[in-house]
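Colleague: Here it is, the structure in full.
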Amino acid sequence: MKLDDIDRKILALLIENGRMSYSDIGKELNLSRVSVRERVNQLVKNGVIEKFTVVVNSEKVGKSVSAFFEVDCEPAYLVEVAQKLADNPNVASCYQMTGPSTLHMHVLVEDFTSLEKFVNNELYSLKGITRVESHILLRRFKSRSGLKL
């Protein structure tokens, strides 16, 4: 799907405020509510908009420790390890990266005891992992939850 300027403006408004009504978007862009709804539905249908969601402050819900992991796997186990990690509720994101069968993972847990349990019980127990490197987040300067157009 080729995006035109109006689609891009609709997306920009929804990225900024996913709860913005079709009427308010229409007023902003000089379009009817129906026209905005049809365009948004087309964006969803074509997979441009994958889903509508909320961004939750992890610290406010008790997940105060944020850690990033680089996990190297034997190539034969990469997909299996990635799927098991992706299914873990503590894993916020998991990506295959370039390099020697590397997974990049963001984990959110309540405290350092929970992090230790995750590492020992959920991560080190997986067959095929050859190396784990971890980084603990000290302070967040910027976090983006949507693609800026």
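Colleague: Only four residue types carry charge here, +1 at the Cβ of Lys and Arg and -1 at the Cβ of Asp and Glu. Report the dipole size of the chain about the Cα centre in Debye, rounded to the nearest 20.
Modeller: Computed about the Cα centre, the dipole is about 660 debye.
Colleague: Here's another thing I want to ask about it. Report, in deg cm²/dmol and to the nearest 500, the calculated mean residue ellipticity at 222 nm for the chain, where each DSSP H run with n ≥ 4 adds -39500 (n - 2.57) and the sum is divided by the residue count.
Modeller: About -9500 deg cm²/dmol.
Colleague: Of all chymotrypsin sites (Phe, Trp or Tyr not before Pro) in the stretch 76-149, which ones are in loop regions per DSSP and have a Cβ with at most 10 other Cβ atoms within 10 Å?
Modeller: Hits after loop and neighbour filter: 124, 141.
Colleague: When the accessible area of the stretch 9-149 is split by element with a 1.4 Å probe, what percent falls to carbon and sulfur?
Modeller: The computed percentage sits at 49.
Colleague: Exactly which trypsin sites (Lys or Arg not before Pro) in the stretch 11-98 are in a DSSP loop and have at most 12 other Cβ atoms within 10 Å?
Modeller: 19, 51
Colleague: Relative contact order, percent, of the stretch 60-134 when contacts are C-alpha pairs under 8 Å separated by at least 6 residues?
Modeller: Relative CO of the stretch 60-134 lands at 47 percent.
Colleague: Classify the stretch 24-95 from the C-alpha gyration tensor, please: rounded if a/c falls under 1.5, else prolate or oblate depending on whether a/b exceeds b/c.
Modeller: Here the stretch 24-95 falls in the oblate category.
Colleague: Show me the chymotrypsin sites (Phe, Trp or Tyr not before Pro) within the stretch 39-75 that DSSP assigns to loop and that have at most 10 other Cβ atoms within 10 Å of their Cβ.
Modeller: 52
Colleague: Sticking with this one: Might you tell me the accessible area per residue for the stretch 10-101, computed with a 1.4 Å probe and given in Å²?
Modeller: I get 67 Å² per residue for this part.
Colleague: In addition: Normalised by the residues of the chain, what does the relative contact order come to in percent, with Cα pairs under 8 Å and at least six apart?
Modeller: Once normalised by length, the contact order is 26 percent.
The values are calculated or read from the model by the stated rules, or taken from the named source; none is laboratory data. What you are looking at is a predicted structure, and each value in this text was computed from that prediction instead of being measured. All Cβ positions, even for glycine, are placed from backbone atoms using ideal geometry, and neighbour counts span all protein chains on display. Ligands, DNA and RNA are stripped out before the accessible areas are found, and what is left, the full protein with its side chains, is counted by its heavy atoms. Shrake-Rupley method; radii C 1.70, N 1.55, O 1.52, S 1.80 Å.
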